[in-house]
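The values are calculated or read from the model by the stated rules, or taken from the named source; none is laboratory data. Remember, predicted model here, so these are calculated numbers, not experimental data. Remember, those area values only see protein heavy atoms, side chains included, never the ligands or the DNA or RNA. Shrake-Rupley method; radii C 1.70, N 1.55, O 1.52, S 1.80 Å.
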Amino acid sequence: MGVSPITSHVLDAARGQPAQGVPVTLSYAPSSQTAAAGQSSVIARGVTNNDGRCPALLEPSYELKPGVYTVRFDTKTYFALHGEKSFYPFVDVTFEIDQPAPHYHIPLNLAPFSYTTYRGS
């Protein structure tokens, strides 16, 4: 069984647990100029599972192309599920791929008033 070439994992740092139910959107633009001009195309959508992961965002056979990818986490929807407001209604993690590797993992550590991200493995 294959793995999506782009995966994510969201942890709710305030609760100390995985963030289940975060809507995730993945967009692609062929260049940073195109992305900056707001001309990205949505290529996938998903929702984090009970482990805070979105493991099947893309089909395992999807071939990544060089370009700019943005993973948008809809944090407002997630916090609303818990009866809370969020200072950040969404978090965009944008990264550029020059030579596609088989897999990119985009984690997000989340709290109502802060977030951090890094390139995972």
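Relative to the globular-protein estimate of 2.2 N^0.38 Å, the Cα radius of gyration of the range 18-69 stands at 1.29. Taking θ as phi - 60° and the Karplus parameters 6.51, -1.76 and 1.60, the scalar couplings of the range 48-61 work out to 5, 8, 5, 9, x, 9, 10, x, 10, 4, 10, 4, x, 7 Hz in sequence order, x denoting glycine and proline. For the pair Asp98 and Arg15 in one chain, pulling the backbone fully straight at 0.36 nm per residue adds 26.2 nm over the alpha carbon distance. Per residue, the Cα convex hull of the chain amounts to 100 Å³.
Phe113 exposes around 150 Å² of accessible area when a 1.4 Å probe is run over every protein chain in place. Mean projected area of the Cα convex hull of the range 53-121, taken over all directions, amounts to 5.1 nm². Only protein heavy atoms count here; on that basis, with a 1.4 Å probe, Arg72 has an accessible area of about 90 Å².
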